[in-house]
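First the structure, in the form of C-alpha cells, and then the observations on it.
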Amino acid sequence: MNVLLYLSIVIIWGTTWIAIALQQQGNVAVTVSIFYRFALAASIMIFVLLLARRLRHLALNDHLFCIAQGFCVFAFNFYCFYHAAAYISSGLESVIFSMAVLFNAINGMIFFRQRLSPNLLLASIFGMTGIIALFWQDLTATRIAPELLKGIGLNLLGTYSFSLGSMISSRHQRRGLDVLSTNAYAMAYGAVLMGLFNLIRRYSFTIELTPRYLGSLLYLAIFGSIIAFSVYFSLVGRIGASSAAYSTLLFPLVALTISTFYEGYHWHLSAIIGLLLILLGNFVMFSRPRMVQSWFKRPSLR
C-alpha cells in the first residue's frame, strides 16, 4: 500500500510541471493562479467532506496549526518556487528541492526526536548524488550572479517551508486528527492568505477563460492538490516525513520522461548515471532494514 501511495505522488507531482508551465504562458499573475488553485481545491474538498459527513471539527489550537500549515505549504512554499523559476533553471530547482529529504530528517530530529535510519541515510546519499548527476549539464552551464543567488535563496526558503508543513502534518496525525480535514482547512487558509496578498499588491483577479488555463487549473487543483497532498501527508503519517520526502527525487525523472517524448529531450551519460543512482536509492529505502544494516557491518577478524 505504501509503495502504491508513493508511486501515485511521484506520477502526479511529476506531471504538474506541464500544467504550471501552461499557466505561466498567460498574463495572470503567479500569486493569483496560486490563489485560484487552492481556493478551488479547498472548496471541492470541504464540499465533498461535508456531503460525506467526513469533515471533522477541530479545536482552536488545531486551527492555528492549520493556518501555519496553509502558510508553509499552500502559500509561501509555492510563492517561492514560482518566483525562483524566473532566476534559475528547472534542473537547479529540482536539485535544491531534493534537500527536502534532509530538511525533513533534521526537523524530525528537532521536533520529534526521530533518528535517521540506515536505509534513509544511504538512500539519501544515492538519491541526491543522482539528482546532481541528472542535471549536471544544467548546473555547469549556470553562471554565478546575483539573480542566481536570489533564485537559490527563494528555492531553499520554499523547500524548508514545505518541510515545516510536513512537520505540522506529522503533528496533526500524532494527535489523531483526520488528514483530509486538516488538509482542507489548511488549503482554505493558504488560499485566504494568498488572496489577501493579492489584494494588498492590487493584482487583478481576472483569469483567462481559455481551455489551456482552465484545464491546467483543474488539473492542479484536483490532482496536484486534493489527491496528491492528501496522499503525501497520509504517507507522512505511515512511513515518516523523511521517507515520504524521498519521492521528491523522482519527480524530475517523470518530467524528463515526458519531455523525451514531447520535447525531444536527449539523455546524456551523466543523466543516465543519475537515473540509476536514484533508482538504487529507492531500492535501498524500501529494502529491509536488516539488509542495509548488514552492508555497514565489517567482517570480524579472527
For this session: Hey, for a label at Lys150 modelled as a point 7 Å past Cα toward Cβ, could you say which residues of the stretch 9-38 have their backbone N under 17 Å away?
Result: 30-31
Seminar exercise, completed: In Å, the Kirkwood estimate of hydrodynamic radius for the stretch 1-67 over Cα pairs equals 14.9 Å
Seminar exercise, completed: Dividing the alpha-carbon radius of gyration of the stretch 1-113 by 2.2 N^0.38 Å, where N counts its residues, gives 1.26
For this session: For the stretch 234-276, give the percent of accessible area contributed by carbon and sulfur heavy atoms, probe 1.4 Å, rounded to a whole number.
Result: 67 percent
Seminar exercise, completed: So, with points 7 Å from each Cα along the Cβ direction, the Leu269-His83 label distance in nm works out to 4.1 nm
Problem set entry | For the chain, built as a Gaussian network whose Cα springs stay under 10 Å, the top-fluctuating residue of Ser181, Ser204, Ser170 | Ser204
For this session: Provide, in order from the shortest bin, the percent of all Cα-Cα pairs of the stretch 103-182 in each 10 Å bin, continuing until the bin that contains the maximum pair distance.
Result: 15, 31, 33, 17, 4
Problem set entry | Heavy atoms of Tyr219: accessible area, 1.4 Å probe, square angstrom to 10 | 70 Å²
Problem set entry | Ranking by accessible area, most exposed first, for Asp62, Asp178, Asp138 with a 1.4 Å probe | Asp138, Asp178, Asp62
For this session: Under a 10 Å cutoff between Cα atoms, tell me which one of Ala255, Ala191, Ala86 has the largest fluctuation in the Gaussian network model of the chain.
Result: Ala86
Exercise. Considering only protein heavy atoms, what is the solvent-accessible area of Glu208 at a probe of 1.4 Å, reported in Å² to the nearest 10?
Worked result: 40 Å²
Problem set entry | Unit charges on C-beta of K, R, D, E only; dipole of the chain, Debye | 1100 debye
Exercise. Which whole-Hz couplings ³J(HN,Hα) result when phi for each residue of the stretch 243-251 is put into the Karplus expression 6.51 cos²θ - 1.76 cosθ + 1.60, θ = phi - 60°, listed in order with x for Gly and Pro?
Worked result: 5, 5, 5, 4, 4, 5, 6, 9, 3
Exercise. What order do Phe97, Phe71 take when sorted by accessible area (1.4 Å probe), most exposed first?
Worked result: Phe71, Phe97
Exercise. Using a basic spin-label model with each label point 7 Å from the Cα along Cα→Cβ, how many nm lie between Ile258 and Ala52?
Worked result: 2.5 nm
Exercise. Can you give the accessible area of Val254, probe radius 1.4 Å, in Å² rounded to 10?
Worked result: 30 Å²
Exercise. Which trypsin sites (Lys or Arg not before Pro) in the stretch 191-243 pass both tests, a DSSP loop state and at most 15 other beta-carbon atoms within 10 Å?
Worked result: Arg201, Arg202
Problem set entry | Neighbourhood net charge (13 Å Cβ-Cβ; Lys/Arg +1, Asp/Glu -1) for Asp62 | +3
For this session: Return the Cα extents of the chain along principal axes one, two and three, sorted largest first, each rounded to a whole Å.
Result: 73, 46, 34
Problem set entry | Accessible-area ranking of Thr129, Thr248, largest first, probe 1.4 Å | Thr129, Thr248
Problem set entry | Estimated FRET transfer efficiency (Leu218, Leu64; beta-carbon r; R0 30 Å; 0.05) | 0.45
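The values are calculated or read from the model by the stated rules, or taken from the named source; none is laboratory data. Just so it is clear, the structure is predicted and the values come from calculations on it, not from any experiment. For neighbour counting, all protein chains shown are included, and Cβ atoms are generated from backbone atoms with ideal geometry for every residue, glycine included. Ligands, DNA and RNA are stripped out before the accessible areas are found, and what is left, the full protein with its side chains, is counted by its heavy atoms. Shrake-Rupley method; radii C 1.70, N 1.55, O 1.52, S 1.80 Å.
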